[in-house]
Amino acid sequence: MAPRSLKNAPWRDDAISAVRALKAGGVILYPTDTVWGLGCRADDAEALERLYALKGREGAQPSLVLVDADGLLEEYTHPVPDIAWDLLRENGPGARPMTLVLPGGRDVAPALLAEDGSLAIRVVHEPFLQFILRGIDVPLVSTSANLTGQPTPGHFSEISKALRNGVDYACATGRDRRGGEPSSMVKLDAAGRIEILRP
């Protein structure tokens, strides 16, 4: 969507409110390109701790992050194996979303990195998400909007009241649609070897 047309986007005020909440260190409830998610700025360790407490998550189980452009992979992971670019080309707008787990995660809260230092990252193409990401200018944490151990909600109405009432902002956009299936997840090591974590 062209920048000029964003001024008239029906979700613009909603996205601006989400950006304000995130910039203030808040946790938001928002529609991802797959299912409803809980999110915060990926560089805000304190907000991430609050998010995990709200979700009831304990222990080291890192969440993925969203970015709005392919080139940002190199900013937040290193090295990016050549095959990652091939996978991204095959996974453009309209395809099922794919999360890449890449080596050498950096410039995000330490709790988002796996034990081997890798970072799970996904490029999103939806204008609403891209607007939010450009507004905060850092990756956005994305974890499913359910309490740990509970089913992933397919619709906003299925999200627990504890989460709806516990976040700093709940987006109005997307409340009428059913979420899709979770993204596929592919792990790449520095040599470009592929491990399918979630088909």
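The values are calculated or read from the model by the stated rules, or taken from the named source; none is laboratory data. If you're wondering where the values come from, they're calculated on a predicted model, not measured in any experiment. As a convention, Cβ positions derive from the backbone with ideal geometry for all residues, glycine included, and neighbour counts pool all protein chains shown.
Of Ile132, Ile83, which residue is closer than 26 Å to Asp43 by Cα, surrounded by 15 or more Cβ atoms within 10 Å (Cβ to Cβ) and modelled with pLDDT of 90 or more?
Selected residue: Ile132, the only one of Ile132, Ile83 that is closer than 26 Å to Asp43 by Cα, surrounded by 15 or more Cβ atoms within 10 Å (Cβ to Cβ) and modelled with pLDDT of 90 or more.
If the Cβ limit is 6 Å and pairs must be 6+ apart or interchain, which residue in the range 65-78 that is more than 15 Å from Ala190 (Cβ to Cβ) and modelled with pLDDT of 95 or more pairs with which residue that is among the small types (Gly, Ala, Ser) and outside any loop (DSSP other than H, G, I, E, B)?
Leu66/Ser142
Of all residues in the range 1-20, how many are among the hydrophobic types (A, V, I, L, M, F, W, C), at pLDDT below 80 and outside any loop (DSSP other than H, G, I, E, B)?
Residues meeting the conditions: 1.
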